[in-house]
1. Mind listing just one residue for me: the one in region 128-150 that is of a type in the set (Gly, Ala, Ser) and part of a loop (DSSP other than H, G, I, E, B) and, of those, modelled with the lowest pLDDT?
2. Just one of the numbered conditions (1) surrounded by 10 or more Cβ atoms within 10 Å (Cβ to Cβ); (2) assigned to a loop (DSSP other than H, G, I, E, B); (3) hydrophobic (A, V, I, L, M, F, W, C) is not true of Ala53; which one?
3. If Arg33 satisfies all but one of (1) at pLDDT 90 or above; (2) surrounded by 10 or more Cβ atoms within 10 Å (Cβ to Cβ), what's the number of the condition it fails?
4. Taking region 1-13 as the search range and keeping residues that are touching a residue at least 12 places away in the same chain (Cβ under 8 Å) and of a type outside the set (D, E, K, R), which one is surrounded by the most Cβ atoms within 10 Å (Cβ to Cβ)?
Amino acid sequence: MSMCEACSDRMPAVASGQSEWSVAERDHLAGCRDCAAEWKLVSAAAALGRSVAVDPGVIGPRLLERVRAAEHQERRRRWLRRSAQVVGLAAAAALFLMMVPRRGNGPVRQVPVTAASEAADLQLAELDGAAPAELQAVLAEFDEPEVPASALDGPDVEGLDVSQVERALRSWEES
């Protein structure tokens with residue numbers, strides 16, 4: 001390490017009063033213009049903060065006041081954030097309750113007449129030549145509620161012809 005590097009490394013310690021120059025270092029600073037300029041800069045920077053007087057009796061209360069104000073602002077931000085979340089959840093719940101249809105003992109909805117008249121336009125070629133009594137029987141079949149049947153429920157196989165048995169087997173396979 002050269003003498004310039006050694007002096008440069010020790011300058012902050014000497015400027016803060018933690019150390020002193022050796023005789024060889026003083027001689028080097030007197031003869032080296034670069035090191036002398038650097039020492040002038042470092043010693044001037046170290047002297048900058050020495051003239052400021054710190055009064056703990058004044059700074060302490062001011063510092064505590066600023067810390068308390070920052071804590072108050074943070075609590076207020078958290079409260080506002082939580083309030084916004086609660087309001088958002090309440091609005092979502094109200095919207096959900098308005099959108100979900102009621103079940104149970106609520107009023108029965110009436111089918112609009114237009115839907116019934118559109119259903120009347122249904123064309124079934126099989127019923128064209130049917131008598132009124134036969135049409136009533138077909139309508140009665142549609143009005144009965146559908147009861148789910150298990151695969152074991154159904155008519156007895158005895159007394160059925162082959163096509164009826166095949167239809168029964170297909171209906172069992174489909175269910």
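The values are calculated or read from the model by the stated rules, or taken from the named source; none is laboratory data. In this text, all values refer to a predicted model and were calculated from it rather than measured experimentally. Here Cβ is always computed from backbone atoms with ideal geometry, including for glycine, and neighbour counts include all displayed protein chains.
1. Here the residue is Ser150.
2. For Ala53, the failing item is (1).
3. (2)
4. Cys7
Here's the yes/no breakdown for (1) under 51 Å from the mean Cα position of the chain (by Cα); (2) closer than 16 Å to Met3 by Cβ; (3) not in a helix (DSSP H, G or I):
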| position | (1), (2), (3) |
| --- | --- |
| Gln18 | no, no, yes |
| Arg26 | no, yes, no |
| Ala37 | no, yes, no |
| Leu41 | no, no, no |
| Ala46 | no, no, no |
| Ile59 | yes, no, no |
| Arg62 | yes, no, no |
| Glu65 | yes, no, no |
| Glu74 | yes, no, no |
